[in-house]
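Student: Sending over a structure as structure tokens; questions will come in a sec.
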Amino acid sequence: MANINTLIERYVLPAALKIAGQKHILSVRDGIILNMPFMLIGSFFLIFAYLPFPSYANFMGDLFGAAWRDKLLYPVKATYDIMAIISSFGIAYRLAEKYRGLDPLSTGAVSLVAFLLTIPQHTLFAPVVGAEAMMVKGVLPMNFIGSQGLFVAILIALLSTEIYRFVHNRDLVITMPEGVPPAVAKSFLSLVPGFCVLAVVLALRLIVEATPFGDINTMIATIIGIPMHHIGGTLPGMIFSVVLIGLLWTLGLHGDAIVLVFIQPIWLSNMSENLTAFQNNQPIPHIITQQFYDLWIAPGGTGALLGLVIFMLIRSRSAQMKQLGRIAAPGCLFNISEPMVFGIPLVMNPYFFLPFILTPVVLVIVTYTAMATGLVTPPVGIALPFTTPIFISGYLATGGHISGTVIQVVNLAISMVIYYPFFRVWDKQKYREEQQHISTQAAQAQAEVNGKVTVG
């Protein structure tokens, strides 16, 4: 393990530092972090909405009515479902801070408007279940302003800020005379750069609308989803799926939301066939189902982050990492990974790029092999909430076989082994930064004391 840590520090760390220090990547990371407190708030409501106990759901239904879960999810929709909007402002704001002369507030506002300009203001709506969907205009589709629209928000924030800077640095701005309140003057300074940003984004939207895709988000999702229909529930397809999910998440795009849209129907169909076979005491026909991914490949959420959280709780020297571990632990216990993804953050973070993608791949291969050889019972089609905690879920999803829990223990151990060297390097880096900050503060405090003594 010491040799692996040395290898990472010698070869991976310098490259990661160089990449992580790039101002656009820093801006994306720092801008997305703006979502973190809202993600944490939403995750707690999400946990209580999907506690995996039938008696709990029955109790809440009797107490608050059949729609209790929908009402409890209001805060989730108000936090998770506006992620792209917050990021479009935050990323541009942070990037503008790194350029001299730009007003971060105006730059962030222009980016937000530009992002909204990319979204078609209409959606399909069915008044009742089973009714024919109708087109409703004058609305913003929630899926485009939430996590599924995050990648577009990142691109637009970076593009709009660079256009804004290009125009601003050439003095193509309206300057107000002296005596005009600063807030008013800044608003006029952003007039011409903002117009140029919106003109470029409008041109991009019109170009994409002229294609069969219709809008930018649909174009990205369709291109990614084309191969998903052909790989189905195969082992290579499963490996490809988790790699793609991980890659999209590291770029700031909600990998699960995009990839699962195309492959989930196959997994659910396999689940149904498994349940029929299980009920008729027949051999289980499929290994890869929705439960295979939710319960064995993603302990702690996407990227199998539970092992990383455990290290943060028990092995962190960095106060920041230990505190984040405490905050993220409840969510990861119920397989909700957003507090970790946006808290470390894992988005645009070259330190954790490799383990975040490699860990699910290894878990897919190990779990599939164990089930294919008969060492572990495959999932029998019992639908469990994705929030069902590890160990309990493995036993229930296999129809009461302890082998389902055993392989979850193995998978957790594997994830911890893979994450550990990367965790150690990252924790050491954060600890060093904290010590330098403490030293700087102590030196400043001592200088102030010495200054007062000299004056006295």
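The values are calculated or read from the model by the stated rules, or taken from the named source; none is laboratory data. Keep in mind it's a predicted model, so treat the numbers as computed, not measured. Note: ideal-geometry Cβ built from the backbone for every residue, glycine included; neighbour counts use all protein chains shown. Note: areas computed on protein heavy atoms with side chains; ligands, DNA, RNA excluded. Shrake-Rupley method; radii C 1.70, N 1.55, O 1.52, S 1.80 Å.
Student: Restricting the search to the stretch 263-309, which residues are buried (at least 24 other Cβ atoms within 10 Å of the Cβ), modelled with pLDDT under 90, in a helix (DSSP H, G or I) and among the β-branched types (V, I, T)?
Tutor: Answer for the stretch 263-309, where residues must be buried (at least 24 other Cβ atoms within 10 Å of the Cβ), modelled with pLDDT under 90, in a helix (DSSP H, G or I) and among the β-branched types (V, I, T): just I263.
Student: Pick from V366, V409, V425: which is modelled with pLDDT of 85 or more, β-branched (V, I, T) and open to solvent by less than 20 Å² (accessible area, probe 1.4 Å)?
Tutor: V425
Student: Could we say that M312 is modelled with pLDDT under 90, touching a helix residue (DSSP H, G or I) at 6+ places or on another chain (Cβ under 6 Å) and open to solvent by less than 30 Å² (accessible area, probe 1.4 Å) here?
Tutor: Considered against the rule, which asks whether it is modelled with pLDDT under 90, touching a helix residue (DSSP H, G or I) at 6+ places or on another chain (Cβ under 6 Å) and open to solvent by less than 30 Å² (accessible area, probe 1.4 Å), M312 comes out as no.
Quick grid of which residues meet (1) in a helix (DSSP H, G or I); (2) under 19 Å from F311 (Cβ atoms); (3) touching a Lys or Arg at 6+ places or on another chain (Cβ under 9 Å):
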| residue | (1), (2), (3) |
| --- | --- |
| S393 | yes, no, no |
| G400 | no, no, no |
| I407 | yes, no, no |
| L412 | yes, yes, no |
| Y419 | yes, yes, no |
| K430 | yes, yes, yes |
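Student: Something else now. Take the conditions open to solvent by less than 20 Å² (accessible area, probe 1.4 Å), touching a residue at least 12 places away in the same chain (Cβ under 8 Å) and closer than 30 Å to I32 by Cα and apply them to I344. Does it pass?
Tutor: Answer is yes for this residue.
Student: Open to solvent by 20 Å² or more (accessible area, probe 1.4 Å) and modelled with pLDDT of 85 or more: which single residue out of L251, L206, L189 fits that description?
Tutor: Going through L251, L206, L189 in turn, the sole match is L206.
Student: Which one of these does A157 not meet: (1) assigned to a loop (DSSP other than H, G, I, E, B); (2) surrounded by 13 or more Cβ atoms within 10 Å (Cβ to Cβ)?
Tutor: For A157, the exception is condition (1).
Student: Exactly one condition in (1) touching an Asp or Glu at 6+ places or on another chain (Cβ under 8 Å); (2) of a type outside the set (F, W, Y); (3) farther than 23 Å from I392 by Cα is not met by T302; state its number.
Tutor: (3)
Student: Please find, within the stretch 310-333, the residue that is farthest from V410 (Cα to Cα) out of those that are in a helix (DSSP H, G or I) and of a type in the set (S, T, N, Q).
Tutor: Across the stretch 310-333, the extreme among qualifying residues is Q320.
Student: For the stretch 429-436, state whether one or more residues are open to solvent by less than 80 Å² (accessible area, probe 1.4 Å), under 30 Å from I25 (Cβ atoms) and either touching a Phe, Trp or Tyr at 6+ places or on another chain (Cβ under 9 Å) or aliphatic (A, V, I, L, M) (or both).
Tutor: Yes, the stretch 429-436 contains at least one residue that is open to solvent by less than 80 Å² (accessible area, probe 1.4 Å), under 30 Å from I25 (Cβ atoms) and either touching a Phe, Trp or Tyr at 6+ places or on another chain (Cβ under 9 Å) or aliphatic (A, V, I, L, M) (or both).
Student: Please go through the stretch 351-362 and give me each residue that is within 20 Å of the chain's Cα centre (by Cα) and in a helix (DSSP H, G or I), ordered by number.
Tutor: F353, L354, P355, F356, I357, L358, T359, P360, V361
Student: Something else: Return the only residue of I336, I344 being touching a Gly at 6+ places or on another chain (Cβ under 7 Å) and at pLDDT below 90.
Tutor: Being touching a Gly at 6+ places or on another chain (Cβ under 7 Å) and at pLDDT below 90 holds for just one of I336, I344, which is I336.
Student: So I119 clears everything in (1) assigned to a helix (DSSP H, G or I); (2) more than 26 Å from N349 (Cα to Cα); (3) touching a Gly at 6+ places or on another chain (Cβ under 8 Å) except one condition, right? Which one?
Tutor: Checking I119 against (1) assigned to a helix (DSSP H, G or I); (2) more than 26 Å from N349 (Cα to Cα); (3) touching a Gly at 6+ places or on another chain (Cβ under 8 Å), the one that fails is (1).
Student: If I go through the stretch 372-405 residue by residue, how many of them are among the small types (G, A, S) and open to solvent by less than 20 Å² (accessible area, probe 1.4 Å)?
Tutor: 5
Student: While we're on this one: From the set of residues in the stretch 71-114 that are among the basic types (K, R) and either more than 25 Å from N143 (Cα to Cα) or in contact with a Leu (Cβ under 9 Å, 6 or more places away or on another chain) (or both), which is surrounded by the fewest Cβ atoms within 10 Å (Cβ to Cβ)?
Tutor: R100
Student: Next up: List every residue pair whose Cβ atoms lie under 6 Å apart, where the two residues are 6 or more positions apart in sequence or sit on different chains, the first residue falls within the stretch 46-66 and is touching a residue at least 12 places away in the same chain (Cβ under 8 Å), and the second residue, located anywhere, is of a type in the set (K, R).
Tutor: Matching pairs, first to second residue: A49/R69.
Student: Hey, another quick one. Given (1) surrounded by fewer than 18 Cβ atoms within 10 Å (Cβ to Cβ); (2) within 19 Å of S88 (Cα to Cα), identify the lone condition not met by A183.
Tutor: (2)
Student: Could you list all residues from the stretch 408-441 that are farther than 29 Å from Q320 by Cβ and either of a type in the set (S, T, N, Q) or touching a Leu at 6+ places or on another chain (Cβ under 8 Å) (or both)?
Tutor: If the condition is that a residue be farther than 29 Å from Q320 by Cβ and either of a type in the set (S, T, N, Q) or touching a Leu at 6+ places or on another chain (Cβ under 8 Å) (or both), then Q408 is the only one that fits.
Student: Taking the conditions exactly as written (within 20 Å of Y293 (Cβ to Cβ), modelled with pLDDT under 85 and not in a helix (DSSP H, G or I)), does I382 satisfy them or not?
Tutor: Yes.
Student: Where residues in the stretch 347-363 are in contact with a Lys or Arg (Cβ under 8 Å, 6 or more places away or on another chain) and of a type in the set (A, V, I, L, M), which of them is most open to solvent (accessible area, probe 1.4 Å)?
Tutor: M348
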